[in-house]
1. Quick check on Ala374: is it assigned to a strand (DSSP E or B) and either open to solvent by 30 Å² or more (accessible area, probe 1.4 Å) or under 30 Å from Ala272 (Cα atoms) (or both)?
2. Val271: touching a residue at least 12 places away in the same chain (Cβ under 8 Å) and not charged (D, E, K, R), yes or no?
3. Given the residues Phe307, Phe316, which is the only one that is closer than 20 Å to Ala270 by Cβ, open to solvent by less than 30 Å² (accessible area, probe 1.4 Å), among the aromatic types (Phe, Trp, Tyr) and assigned to a loop (DSSP other than H, G, I, E, B)?
4. So Ile391 clears everything in (1) part of a strand (DSSP E or B); (2) at pLDDT 95 or above except one condition, right? Which one?
5. Of everything in the range 263-291 that's touching a Phe, Trp or Tyr at 6+ places or on another chain (Cβ under 7 Å) and of a type in the set (Gly, Ala, Ser), which residue is most open to solvent (accessible area, probe 1.4 Å)?
6. Looking only at the range 397-435, filter to residues that are charged (D, E, K, R) and not in a loop (DSSP other than H, G, I, E, B); which one of those is most open to solvent (accessible area, probe 1.4 Å)?
7. Filter the range 411-439 down to the residues that are more than 30 Å from the chain's Cα centre (by Cα) and more than 20 Å from Ser361 (Cα to Cα) and list them by number.
Amino acid sequence: EPGGVMNRATREDRAQRDFLAIGRLKQGATIASVRAQAEVLADRLARAHPSAWAQPGAGPQELTVVSEERSRTNPRARALLLTAGAFFFVVAAMILLLAATNVAGLYVARAQRRRAEIALRASLGASRSRIVRMLLAEGVWPGVLGTALGLGLAFWATHYLSTLSLPIQFPARLDLEMSLEVLAAACLLALSTTLAFSLLPAIGASRADVGAALKESRVGTRRRAFSLRSGLVVVQCATSAALLVGAMLFVRALSVASAADIGFRHDGVAVATHELPDGVGAAEGVQAIRELRDRLVGRPGVDRVAFARSLGLTLFQTLAPLPLDVQGFEPPTDAVEEIFHNAVSPGYLEMLRIPILTGRSLEETDDEAATPVAVVNETFAGRYWPQMDPIGRTFTVDRGDIETSFTVVGVARDGKYQDFDDDPMPYFWSSIYQDFEPHFAIAVSGDGAAREHLPLLREIAPRSGTVQLMPPAVLSEQVGIQYLHLRVLSRMLGWGGLFGLLLAATGIYGIVSFAVTQRAREVAVRLALGAESAHVVRSVALDGMRLAGIGLVVGVLTALSAARLVGPLLYEVSTADPSAIGVSVGVLFAVALVASVVPARRITRTDPMSTLRSE
């Protein structure tokens, strides 16, 4: 079962829809033949158990048969995984585009600097194909070395990532082994990109007019308002801006989600999940829980011990919604009212600091001999007893084989129970003494950090006669799994954005340096005639800032359009969040300013007469 808990009630419930079975094919059998048999079996089960096989609003049950290879990922999660893979591929493609445009910009600048040399070679009889082959050979070998270095880094990174453990309550390994298909595709993509971005400048350089190139080498080059190299820098800035805006949006969403009020405090609490052996009755199980509590409370550093059948916002959520009947309440539709709940021990609400707004909390006297009681949340009380005092009211839940009536003894503040982005929902807590199941979670808090209690929780399973379902863990880390996707996306886009920022800064610095070199004579004359250095720096730096500005506008607009696709993942953050956009634009603008001013200041510090004499 995906949730990791397999108790008797779950095994005997024919309405369960989350079982995964593994089988080996007989000699000569095929997946198609097994699918046909599964359809016959499904039809037979549907006729034998119609109520459990077709639940209202859930659709018919299905027996899905897949190969072992496809079963390595849950068939229900395949679409999600494909979407995540496509997202990561797009991010990698954007980084590749940044690197390729940067390399292409360097090749374009080199080809322009060598116009005179290429023209001289052409005038001495060198053919265009020979010139292209020469430039191509000079450009390919750095690409080959870079590909080899990249593959080495990829092997190291995949090995490192495969050693990391996920922050989940059961062991899982990341299978990141690089296949031959992946290696071949990566090498082909890298080498083809190198060929394309080194071939285009080579062809452009070979087409230059020989007479014009030789003349330019003597009288200086003509400035163009926009060139191929300028366009490449714009692409770099736009891609970097898009990555930075995306990263900042996810960082903002992570910050908002982490600071969101989930209705309880999870700091300082360590948890472990256990199950009593088959055959243990309710009375014997409750006694085992009390003995386990008494044994733990006496340990050094432990001041609170509590039990719960389910841990909200973690992977240990074992309770399904139950049909609910509240006397005097008429549902707005014909749909059956259902309610989520949790069975907890006295002290659990206090440990998690869930405020009781009215009435009382669960107490030790709420045992198996007393009337079943419940603490409901605000939404429960407001929905079923609006403008009335809920204390003393009763409601009934249907467990299939038995109906239980609960008396409300308290109202607690609303919180989050399944996902951190859930809307407010009715919920109640019952006493685990009155609502016992053999699987449960143990929560411990006390002096010191929660991690200090993990050794204690590890040693109690053999001594208590329970089976440990999931390893002991810090509750705050388990709740943090809710934000795992935001952490992964923000970090991935963040590193991609930083790498893109570095490449964009390199590109801007390169084009301004190239422009300064081309305008060396002009700048020297202006300085010799008395122009101020600050004015010259501003004039030269504006070229780089203009390109960065165009790239910023394009990148931000692209990011805003793409952000709509991931809008549901941005917890309470707008896709046009002004702070995320402002920080991204400010960072890229500052980097572009530095990259533009540094080479401009460098040329103003040279002696004008030395520059003119060299010209």
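The values are calculated or read from the model by the stated rules, or taken from the named source; none is laboratory data. This one's a predicted model, so the numbers in the text were calculated from it and none came from an experiment. Glycine gets a Cβ as well: all are built from the backbone with ideal geometry, and neighbour counts include every protein chain shown. These accessible areas exclude ligands, DNA and RNA; they are computed on the full protein's heavy atoms, side chains included. Shrake-Rupley method; radii C 1.70, N 1.55, O 1.52, S 1.80 Å.
1. So Ala374 fits the description; yes.
2. Against the criterion (touching a residue at least 12 places away in the same chain (Cβ under 8 Å) and not charged (D, E, K, R)), Val271 qualifies.
3. Being closer than 20 Å to Ala270 by Cβ, open to solvent by less than 30 Å² (accessible area, probe 1.4 Å), among the aromatic types (Phe, Trp, Tyr) and assigned to a loop (DSSP other than H, G, I, E, B) holds for just one of Phe307, Phe316, which is Phe316.
4. Status for Ile391: all satisfied but (1).
5. Per the criteria, the residue is Ala282.
6. Among those residues, the one meeting the criterion is Glu403.
7. Glu437, Pro438, His439
Residues are listed down the side, and each one gets a yes or a no for (1) under 30 Å from Pro599 (Cα atoms); (2) in contact with a Gly (Cβ under 9 Å, 6 or more places away or on another chain); (3) open to solvent by 20 Å² or more (accessible area, probe 1.4 Å); (4) at pLDDT below 80:
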position	(1), (2), (3), (4)
Ala449	no, yes, yes, no
Glu452	no, yes, yes, no
Glu459	no, no, yes, no
Ser464	no, no, yes, yes
Leu469	no, yes, yes, yes
Val479	no, yes, no, no
Tyr483	no, no, no, no
Arg487	no, yes, yes, no
Gly507	yes, yes, no, yes
